[in-house]
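Scroll down for the structure; my scribbles are underneath it.
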Amino acid sequence: MIEIITKRTNKQRQDIKKTYKTLYGRDLVKDLKDELSGNFEKAIVGFMTDPAELDAQTLHKAFKGLGTDEETVIEVLASRDNAQIAALRAKYKELYGKELEDHIISETSGHFRRLLVSLVQGNRSEDNRVDDAKALVEAKELYEAGEKSWGTDESVFNKIIVSRSWPQLKATFKHYQDVAGYDIERSIQREFSGDIERGLLAVVRAGKSKPHFFARRLHDAMKGAGTDDEQLIRVVVNRAEIDMKEIKDAYMELYQISLIKAIEKDTSGDYRKLLIAAID
């Protein structure tokens, strides 16, 4: 099972599900759930789920219950590209009969709500050409809206950080270092607090380097007394076919231990074998 699932793309796994139903008249995921258990089951089912559907399920669960899991919502919306956001929104409406934006509005508030609503539009520029003069101007705008002012103009941060292309943002952040004398992350930590601080930091870190962003998410899932297996599974499943090699390199750079050794230390059994096969 591990060999088949980890050596196929998600598209191939979706084809396997369809063929399984054709041949046997049964739902493969349901059969897997009946036969498996624990974190191994959750990981296998994650790999067998369409990425947009998995994101929709993740966000719906994050909004469910007494409190919102803001960290998970931030992780998903800060790191997906326009096409992934569009697919997520469509799948969310299909599964739950409600617009994702409406759910965000009902479950969050203030500047954090505005940030999430902006991100869920999926309208980030995809023009990879960098306008260096504009990057300098906007670095100054961010500095003047935050550190240089008495009070913070949150709308300036929101406008620039959610709409500019990733290459353009990298140029802006580089100029910000020159303008302010320190990294923009420090300014966000000084000027904001709570969910909006965490949200902006996530977008900035994803903009600088998605491999480093996800390496931190994996480390967060495994640090401390217990492992956040849902987060660990989600990141491995989502990034296994995209940039896992770069994430492994980033993990080693940040924590001086290989990602495989970290997973070996914090997991066991077939669950461990599955995760290692997926990232190796």
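Quick look at the values:
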item: Single match in Lys42, Lys33 (criterion: surrounded by fewer than 17 Cβ atoms within 10 Å (Cβ to Cβ), outside the structural domain of Ile242 (by TED's automatic domain parsing) and either among the basic types (Lys, Arg) or without any contact (Cβ under 8 Å) to a residue 40 or more places away in the chain (or both)); result: Lys33
item: Flag if Ala225 is under 23 Å from Ile2 (Cβ atoms) and not aromatic (Phe, Trp, Tyr); result: no
item: Selected residue [in contact (Cβ under 8 Å) with a residue 12 or more places away in the chain and aromatic (Phe, Trp, Tyr)] from Tyr176, Tyr182; result: Tyr176
item: Meets criteria (touching a Gly at 6+ places or on another chain (Cβ under 7 Å), closer than 22 Å to Val76 by Cβ and at pLDDT 95 or above) for Leu119; result: no
item: Among the candidates Ser165, Ser106, Ser125, residue that is hydroxyl-bearing (Ser, Thr, Tyr) and more than 21 Å from Phe213 (Cβ to Cβ); result: Ser106
item: Helices (runs of 4 or more DSSP H) contained entirely in the stretch 93-149, each with at least 1 residues that are under 20 Å from the mean Cα position of the chain (by Cα) and touching a residue at least 60 places away in the same chain (Cβ under 8 Å); result: 110-120
item: Number of positions in the stretch 213-244 that are without any contact (Cβ under 8 Å) to a residue 60 or more places away in the chain and either of a type in the set (Lys, Arg) or assigned by TED's automatic domain parsing to the domain that holds Leu77 (or both); result: 3
item: Lys265 surrounded by fewer than 18 Cβ atoms within 10 Å (Cβ to Cβ) and more than 26 Å from Asp81 (Cβ to Cβ); result: yes
item: Residue in the stretch 81-91 that is assigned to a loop (DSSP other than H, G, I, E, B) and surrounded by fewer than 21 Cβ atoms within 10 Å (Cβ to Cβ) present; result: yes
item: Residue list for the stretch 218-229, filter: of a type in the set (D, E, K, R) and buried (at least 16 other Cβ atoms within 10 Å of the Cβ); result: Asp228, Asp229
item: Flag for Lys208 being without any contact (Cβ under 8 Å) to a residue 40 or more places away in the chain, basic (Lys, Arg), surrounded by fewer than 22 Cβ atoms within 10 Å (Cβ to Cβ) and over 30 Å from Arg8 (Cβ atoms); result: yes
item: Criterion (more than 26 Å from Phe214 (Cα to Cα), out of contact with any Asp or Glu (no Cβ under 7 Å at 6 or more places or on another chain), surrounded by 12 or more Cβ atoms within 10 Å (Cβ to Cβ) and modelled with pLDDT of 95 or more) met by exactly one of Leu28, Leu100; result: Leu28
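The values are calculated or read from the model by the stated rules, or taken from the named source; none is laboratory data. On a predicted model such as this, the values are computed, not experimentally measured, just so you know. In this analysis, Cβ positions are derived from the backbone assuming ideal geometry, glycine residues included, and neighbour counts consider all displayed protein chains.
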